[in-house]
1. Part of a helix (DSSP H, G or I), crowded, with 19+ Cβ neighbours inside 10 Å, in contact with a helix residue (DSSP H, G or I) (Cβ under 8 Å, 6 or more places away or on another chain) and touching a residue at least 24 places away in the same chain (Cβ under 8 Å): is that true of Ala214 in this structure?
2. What number of residues within the range 713-756 satisfy the criterion of being over 15 Å from Val689 (Cβ atoms) and surrounded by 11 or more Cβ atoms within 10 Å (Cβ to Cβ)?
3. List the number of the failed condition for Gly586; all other conditions in (1) surrounded by 16 or more Cβ atoms within 10 Å (Cβ to Cβ); (2) part of a helix (DSSP H, G or I); (3) modelled with pLDDT under 80 hold.
4. Test Ser649 against the criterion of being in contact with a Leu (Cβ under 8 Å, 6 or more places away or on another chain) and closer than 30 Å to Gly523 by Cβ, and give yes or no.
5. Residue by residue through the range 255-311, note down the ones that are modelled with pLDDT of 85 or more and among the hydroxyl-bearing types (Ser, Thr, Tyr).
6. Among the listed residues Arg437, Arg463, which satisfies the condition of being modelled with pLDDT of 90 or more, farther than 30 Å from Glu564 by Cα and either surrounded by fewer than 19 Cβ atoms within 10 Å (Cβ to Cβ) or of a type outside the set (S, T, N, Q) (or both)?
7. If I go through the range 636-677 residue by residue, how many of them are closer than 19 Å to Glu564 by Cα, touching a residue at least 40 places away in the same chain (Cβ under 8 Å) and among the charged types (D, E, K, R)?
8. Within the range 477-524, restricting attention to residues that are acidic (Asp, Glu) and in contact (Cβ under 8 Å) with a residue 12 or more places away in the chain, which residue is surrounded by the fewest Cβ atoms within 10 Å (Cβ to Cβ)?
Amino acid sequence: MIEKEKHPATPETPPPTGRELETNRLTDSELGTIAGAYRQLLRYADEMGDATREDVTSLRATLETSAREGHFRRDKFGNSALLRSMATATELCRRVSPDRNMVVAILLYPICQTGHHTPEEVASRWGDDIARMVRGLLKVSSLYERGAAVESENFRRLLMTFADDIRVIIIMILDRLVLMKIINHHPNEKLVRDVAYEANYLYASLAHRLGLYAIKSELEDMSLKYTDRPTYTSIAKQLNERKNARDAYIASFIGPIKEKLEGLGLKFDIKGRTKSIFSIWNKMRKQKNDIDHIYDLFAIRIIIDTPPEKEKSDCWLAYSVVTDMYQPNPSRMKDWISIPKSNGYESLHITVAGPEGKWVEVQIRTRRMDLVAEKGLAAHWRYKGIKSESNLDAWMNNVRDILETANSGPMELMRNFKMDIYDKEVFVFTPKGDLYRLPAGATLLDFAFNIHSGLGCSCVGGRVNGKNEKITYKLKSGDTVEVLTSSSQQPKADWLNFVTTSKARTKIRQTIKEQQGRTAELGREMLERRFKNRKIDLDEAVLSRLIKKTGFKNSTDFFRDIAEERLDVNSIAEKYINFENGNKEGESHAAPVSAEEFTLRAATDGADSGAPGSTDVLVIGNNIKGISYKFARCCNPIYGDDVFGFISSEGVIKIHRTDCPNAHNIRERYPYRMITTRWSGKIGEQFAVTLRVVGRDDIGIVTNITSIINKEKNVSLRNIAIDSHDGLFQGHLIIGISDTRMLNSLIRKIQTVKGVKEVQRAN
């Protein structure tokens, strides 16, 4: 778990020196730009209401004083912090429709950055909410000052700051948009390319996730412009050359639609828009074509003015008008009205064959939907009756979970983060009807992890639409999924080959690492036990040198190999003795221990099922706590069987029958891992037992056997398999039974059935 950084009361950077103050002073041109931005901000403040204009006005004197004294720092591009904050506040008001606290926080942030104000002073004057945003912005700023590039570990902490407050995310996106606009012709091309790369990789991804599509497109376009200016210029030039022909085609396409919609009495706007340059370049790259062979260069958007209760019906009415007039492509139909995207986006998307047989994308939405599409989730703040914050909260919690538990490097983290943002979605349901969104390609196992990490770790499969499916099953929209679990299931490394969500991958890696740690602890315990049996004093310094001499980089791998039996404990003990005595080659020259002596030591307690010299007894019952055990599948012990415990390489105690086929091998090879075991009082649970029945091949004999089983109390028939040959049948019956007494009684009763020749326990 990553510990969140404590926010300092004042910025970590020292106050500016005299020379810095002189450098920070604003030029006449900058003062003019700031004055224009301030006037524009006042107009937006009037529209926002809730005393925002009063707040902006009251800050003017403080801002002017700090500007005259040169307290506003300049960034690495030479831009004044005041200029950037004013431009960011203006862009925020124009593009997102923020609340009053966001605007005030942006304006106060550069003052706090200089040390002119502290977050505590902001809290006392403006409230804790604004102070909290200012602290977040200061934290981000300090990380960038320390060079928090995408490739650095600080990048994770940067994202953690984002995850604290959605408004900080929005402010940083708009700040990055402003920065991208003002560095167009900066002489340091490498620095510009680094910023452009980060803007595309991180901030465009965040804007996409928040539904800020216009900002996303603008960031991507500018990023392409700064990283590959010839390509950007070429596409822009070709689009400009085709503008007249494109406008004429759009007019001919929308004319009949407009006439028909007006005839139906709908109030609407209809317009065409050209796709972004980055989007066109991406299509050219994927399709390996030039711009002449990219046919969906523009889209038509129909925006309907209608009350909330008629939104769906009017959108589908417009849909019918368009599809009656032009032939639709069913495979390109997207209904984001019935099931909106997780970022709140709602719209109908259809692709139709227009004049001259050209494919044209048509988007149909209402005025409210268009506002959400343009301004993202922030637009919901204007519509109090519409709640999409829960979806956003779920995403933010997922981001926090990934960041806090991830063990991978920053680039792997970023790759997962971006993939989850951009991947298309599938919609699946639980048996109760709850709807879940997952990225396209997600498996049943991804679904289990999405619900709960514990559910994912114990998942063994599921039922999809009533059919049993494996954990690798790829989900499809509309699937109803029920997860099946097992207490014995554990995450495996090969799961990473087919899961797609970052949450699943992160949890799998974390659990496997924990398993490896437990295995290493078991290996150490095995070694210490063997040393104790042979009366060898363990010196950690000597052992550490031996581990390095053996070729292991760390002790964890060494102990894990012991637990998994890739290293022989007896051999390690001999090497340790020789190493301690000064034989650096590790060859065994010690006097060999006779088998008779070894057997004598191992049997000191006279128990088959205990470690040498051990007096510990494992009591199996319902009330056992703190000990992980399970019944071995090789012999399937049930209550009443003589049993012993065996510590496996996974650290789990496996319960075997004393007459288990593997018992002899275990006693010979691993006596030090055996534990004396007995049953507690009545456990009260059923055990699975397989019975092998041989008899005459008679149709009625099976009925008689099952009838006897069904008459028995606390006995259930779970499965039956019959095979007949040469007039005889052989059946394997899996029954649920509580103890050996009932089992022996049942066997005797089955033996009395006419035609039964043999009944015996098969496991």
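1. no
2. The number of residues fulfilling the criteria is 9.
3. (2)
4. Taking the combined requirement at face value, the residue satisfies it.
5. Ser276, Ser279, Thr306
6. Arg463
7. Number of matching residues: 3.
8. If we take residues in the range 477-524 being acidic (Asp, Glu) and in contact (Cβ under 8 Å) with a residue 12 or more places away in the chain, then Glu521 is surrounded by the fewest Cβ atoms within 10 Å (Cβ to Cβ).
The values are calculated or read from the model by the stated rules, or taken from the named source; none is laboratory data. Computed from a prediction, not measured in an experiment: that's the story for all the values here. Reconstructed Cβ throughout: ideal geometry from the backbone, glycine too, with neighbour counts over all protein chains shown.
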